[in-house]
1. Working carefully through the options A:158, A:114, A:187, A:123, find the one that is buried (at least 20 other Cβ atoms within 10 Å of the Cβ) and over 14 Å from residue A:96 (Cβ atoms).
2. Determine which member of the set A:238, A:195 is buried (at least 18 other Cβ atoms within 10 Å of the Cβ), in contact with a Cys (Cβ under 8 Å, 6 or more places away or on another chain) and at pLDDT 95 or above.
3. For residue A:306, work out the one condition from (1) within 11 Å of another protein chain (Cβ to nearest Cβ); (2) under 15 Å from the mean Cα position of the chain (by Cα) it doesn't fulfil.
4. Exactly one of (1) in contact (Cβ under 8 Å) with a residue 60 or more places away in the chain; (2) buried (at least 17 other Cβ atoms within 10 Å of the Cβ) is unmet by residue A:134. Its number?
5. Does residue A:18 fit the bill of being free of Cβ contacts under 8 Å to residues at least 12 places away in the same chain, among the basic types (Lys, Arg) and out of contact with any Phe, Trp or Tyr (no Cβ under 7 Å at 6 or more places or on another chain)?
6. Evaluate the following for residue A:246: is it in a helix (DSSP H, G or I), surrounded by fewer than 22 Cβ atoms within 10 Å (Cβ to Cβ) and either free of Cβ contacts under 8 Å to residues at least 12 places away in the same chain or in the same structural domain as residue A:314 (by TED's automatic domain parsing) (or both)?
7. Quick check: anything in region A:270-278 without any contact (Cβ under 8 Å) to a residue 24 or more places away in the chain and over 30 Å from residue B:26 (Cα atoms)?
8. Check residue A:323 against each of (1) of a type outside the set (A, V, I, L, M); (2) more than 10 Å from every other protein chain (Cβ to nearest Cβ); (3) part of a helix (DSSP H, G or I) and name the one condition it does not meet.
Amino acid sequence: MDFGLSEEQVLLKDTIRRYLETECPPPRVRTIMEAPSGHDPELWLGLAGLGVLGLHVPVEHGGSGLELLDAALAAEELGWACTPGPFLACALATVALVAAGNHEVGTRWLPAIAQGDAIVTFALGEEGDEWDAGRLATRARGGTLTGRKPLVPYAEIADAILVAAQDDDGPGLWLVERGAPGLEVTAQRTTDMTRRVAAVALTGAPATRVATGRTATDRARDAGLVLLAADAYGGARRCLEMTVRYVLTREQFGQPIGAFQGVKHQLADLATELDPALSLWWYAAHAFDRIRDRSERHAAIAKAHLTDLFDRVARVTTELHGGIGFTWEYDLHLWFRRSIFDRAFLGEAGYHRARAAELAGW
Amino acid sequence: MVMKLSSTTLGYDIAKLAMDVMGDRALLAPGEPSAPAMGMFGTAYMWSLGVLIAGGAANIQRNIIAERGLGLPRDARK
């Protein structure tokens, strides 16, 4: 049995890598992240042109009809390049819309997402670290929504927001369009400036029902966990690579600092931790696509482990750089900041470890 | 030197624990009104890494502790 990537998947990764190396090197990352929206429409249309935004959009809605694993490979590359923008927001919305199976709403929004013409985001988490579809306080009543969502990715520029909420029958999924009365979006500053969030307040905002039940929401959350794990892996790889290059050139006592055993061992330890972590998120993506009953737990494990690891890699590699690693001019802190978002968004590592234990019946 | 290494490492660990306790809102920038304690812990987290490096990163401290404190031979130098 072959656990490797297909030729097409390797080609996909290479294509995105080359595109981002040219179109989104660190100076461009900084320009975009310092802009008010944290989003660059030109880069976004470029990604759409490569098919990145429609990878897991069904073919009948103008996408490639691929799986989460393919989207996660793209996420790894975006993490590698520290690419700013609403990729995660749109990917969550895509999974939710596909899982909802609402033809009318899917037809309206999925082709636009795939083509880069619309930004659609997903509002799940609530006050008190609440990411469970069954415990949400946001209420749907008579075609309107009322509630608060403090951390919604790129809600400020979103054309539509998918909102996980509850009505008298339990959880469901609704859609609110930009400019709806009773919709208030307040930008929040984030430590990772390459991924923006906003607080969304809904006060009787008109909403369209997209799905009944919690499946679409749970699927979107699990996909998000895998995509964050993949982003963390790509980011951690980049930190390691930058640092290896640095310790080969920076000299102390007449030799590159990479010649010192203390430095070598720290880098070797990180490489040793990263290698097996790759198969962890690959498997979580595969389980999401093909082994439904293992999907939820493996998404939780991958998110917890990979985002923890990214945090550790970012810290150790910053330390190995010494003072320069901590300056604004040097690029490494972009990934250090990115690791903070990956760890916190959709719930931190400890929360998902507890979930994984519960799902295993422990 | 032992104090510098142990206290800065402890400082980092405390700030990291605070980030974990903040959960999802740890992603908000220091000073953001909706961050717990006005983002004080986010600031502490970023600073703790800076302090760990300032005045000689951990590896420099380890060398000094091993060589001056424990009397081990110095690294080979060219």
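1. Working: A:158 fails: over 14 Å from residue A:96 (Cβ atoms); A:187 fails: buried (at least 20 other Cβ atoms within 10 Å of the Cβ); A:123 fails: over 14 Å from residue A:96 (Cβ atoms).
Exactly one residue qualifies, and that residue is A:114.
2. Details: A:195 fails: in contact with a Cys (Cβ under 8 Å, 6 or more places away or on another chain).
Going through A:238, A:195 in turn, the sole match is A:238.
3. (1)
4. Only one criterion is unmet by residue A:134, namely (2).
5. Details: free of Cβ contacts under 8 Å to residues at least 12 places away in the same chain: yes; among the basic types (Lys, Arg): yes; out of contact with any Phe, Trp or Tyr (no Cβ under 7 Å at 6 or more places or on another chain): yes.
Taking the combined requirement at face value, the residue satisfies it.
6. Values: in a helix (DSSP H, G or I): yes; surrounded by fewer than 22 Cβ atoms within 10 Å (Cβ to Cβ): yes; either free of Cβ contacts under 8 Å to residues at least 12 places away in the same chain or in the same structural domain as residue A:314 (by TED's automatic domain parsing) (or both): yes.
Considered against the rule, which asks whether it is in a helix (DSSP H, G or I), surrounded by fewer than 22 Cβ atoms within 10 Å (Cβ to Cβ) and either free of Cβ contacts under 8 Å to residues at least 12 places away in the same chain or in the same structural domain as residue A:314 (by TED's automatic domain parsing) (or both), residue A:246 comes out as yes.
7. From region A:270-278, those without any contact (Cβ under 8 Å) to a residue 24 or more places away in the chain are A:272, A:275-276; that's our starting set.
Filter once more, so that each one left must be over 30 Å from residue B:26 (Cα atoms): none.
No; the residues of region A:270-278 include none that is without any contact (Cβ under 8 Å) to a residue 24 or more places away in the chain and over 30 Å from residue B:26 (Cα atoms).
8. The one condition residue A:323 does not meet is (2).
The values are calculated or read from the model by the stated rules, or taken from the named source; none is laboratory data. Quick caveat: nothing in here was measured; it's all calculated off a predicted structure. Because the Cβ atoms are built from the backbone with ideal geometry, glycine has one as well, and the counts that use them run over all protein chains shown.
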